[in-house]
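Data first, discussion second: the structure below is written as structure tokens.
The values are calculated or read from the model by the stated rules, or taken from the named source; none is laboratory data. Only a predicted model underlies this, so the values are computations on that prediction, with no experimental measurement involved.
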Amino acid sequence: MAKSENNVITRGLSGKVGDLLVFSQRGGKTVVSGVPRKSDKVSDSQKEQRRKFQHAVLYAKGAQQQPEYIEASARKGKTPYIVAVADFLNAPGIESIDLSGYSGKAGDIIRITVTDDFTVKEVGVRITNADWGADTCILFNRKAFPILRNGVH
């Protein structure tokens, strides 16, 4: 992919040239790339990625007007829509779980360090087995993280 700035010939140009080049506009700049190649065969992982992308598009269409995406788009030089799609596709992850303040009683403290490329608004914890058996876990972002008394396993 090539970018063109202040070029009188390509300024504002968009569309496909034959089966070779595609011109598009991104952040006031002309971007030149090759024509995408499509395969007739679609793998299961491609189908899954397409499904995730469809969900991201639906999310971004509704979320692009949110102030946090508008502000981030100005900083990143991208549209709020693109920022929202990227945020949806890049899920937060658990970096660490500190159970040193947890003894099994309601109100005990569990510290969880979560990272994300955008922002983390909240983290929910559900203890599934109070006697610290093999199936005790923390659920986060629809994934179960098995834990032992001394941390994640």
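Taking the listed residues Ser24, Ser14, the one that is at pLDDT below 85 and outside the structural domain of Phe118 (by TED's automatic domain parsing) is Ser14, with no other qualifying. With respect to the conditions (1) farther than 30 Å from Arg126 by Cα; (2) modelled with pLDDT of 85 or more, Phe88 lacks only one, and its number is (1).
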